[in-house]
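Accompanying notes for the structure given below.
What follows is calculated from the coordinates using simple rules that are stated; it is not laboratory data. Keep in mind the model is a prediction, meaning the values are calculated, not measured. Cβ placement follows ideal geometry from the backbone for every residue including glycine, while neighbour counts extend to all protein chains displayed.
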Amino acid sequence: MRILLGHTNMKSYGCPPFSIWFFSILTVVVMGFAASGATLPMKEPRMTEKQGREKLAQYAGTWQTREEWEQRARNIRAGILQGANLSPLPARCDLKPIIWGKRACKGYTVENVAFESLPGFFVTGNLYRPAQGNGPFPGVLCPHGHGNFPRVAAYTQTRSAALARMGAVVLAYDMVGMGDSTQTPHTDPNVLTFQLWDSIRALDFLASLMNVDPGRLACTGESGGGTQTFMLAAVDDRLALSVPVVMVSAHFFGGCQCESGLPIHHSDRHDTDNAEMTALFAPKPLLVISDGKDWTRNVPKVEFPYIQSVYKLYGALDQVENTHLPDEGHDYGPSKREAMYRFMAKHLQLNLKAVETADGKIDESDTTLDPAALAVFTPEHPRPAYALKDGTEVLNALKSAQKGLSQ
């Protein structure tokens, strides 16, 4: 059963209390997910569903007009960057892109890529491009959730390849400490900082590519990748479209320190939640995808009405949608991908027929490759020798860049 709201559907997870370790294990057992790193205790408080609803109602009472909302929005954005230790933003170094291993597939090509978000610190991923046409094409970022090498998992490859077949240039990139991103582990205490900066630089990379339209940049990811999606949308105004999947919640902010290990939601200067963070994207096209078997089960009645109230200030209710799948769980499965394809086709002028059968069903066949073929750094293509060696060196590079000393 599918519920459409608005104009009105991975492997990552988070863990409610009492022992972080106990519920991390319980979540894996119950939901069938494999974590790729130990979950560390959070610095931010956890809430019950009731407390989340009450907080959201409290936030709603702080503004009545568009001017009041925009003042609050500016404060929240500043609080996110301050809490993420990205204020001031680092100076941008040369990307120095590495692109190799191009393979021609059904309606798209795929290449292995790396580029520097900081001098000597590499973002790794795969670049999917349409096989035909000269562009300019929209650019889509595909961050992923937690799991076992999720960047090359079938569900990530499938959506990336399908979007490329529809006419987008797509970058699927690794979380810090996963896949080919091994310079510091995912348990690094600064992983949230590094990861958000990587996402900002990933937009830089997409926008730098020939035949990519910098005015049509989008992002979609599930769970931890959903967190990356609405966080990036909140702090980088270059994004034109956002589709966070199975992560928008007023009471739960993620079970890993890459999502809530720093005070991005609460400080002495700001107080917010993931639903309000998502609403910062107004009035641009936003699709929130939720399900009935995780912390997004309340989205149609709690989080989405709040987001709609913000869009209403801009007269933009037609730009925001919620696809809720009450009988589904925490993934980026076929029905969720279908909702995303149709939304992106509508707002980015993509060719939906490229992935449709004659009777209008989505065809995702022939969109996966052997994961080994998608490895970025191999014995034949090693990571450059000057690469930073550990998290301490990465943090020092970031601090230097914040002082304008980027090389």
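With R₀ fixed at 35 Å, the C-beta to C-beta distance from A358 to W100 puts the FRET efficiency at about 0.40.
Quotient of the Cα radius of gyration of the chain and 2.2 N^0.38 Å, N being its number of residues: 0.91.
In terms of other Cβ atoms within 10 Å, H251, H266, H146, H381 run from fewest to most in the order H381, H266, H251, H146. Converting the Cα gyration tensor eigenvalues of segment 241-389 into ellipsoid dimensions via √(5λ) gives semi-axes, longest first, of 30, 26, 16 Å. Going by neighbour counts of Cβ atoms within 10 Å, the residues Y386, Y155, Y173, Y59 line up, fewest first, as Y386, Y59, Y155, Y173. Between segment 94-158 and segment 167-238, the alpha-carbon centres lie 11 Å apart. How large is the Rg to Rh ratio of segment 267-335 when both quantities use alpha carbon positions and Rh follows Kirkwood? My calculation of the ratio gives 1.01.
Taking 0.36 nm per residue of separation and subtracting the current Cα-Cα distance, fully stretching the chain between R238 and A316 would add 26.2 nm. Sorting K312, K50 from the fewest to the most surrounding beta carbons within 10 angstrom yields K50, K312.
Once the convex hull of all Cα atoms in segment 202-275 is built, its volume per residue stands at 95 Å³. Taking label points 7 Å from Cα along the Cα-to-Cβ direction, K346 and R92 give a separation of 3.1 nm. Within the shell of other residues whose beta carbon sits under 12 angstrom from the beta carbon of S199, the net charge comes to -2, with Lys and Arg scored +1 and Asp and Glu -1.
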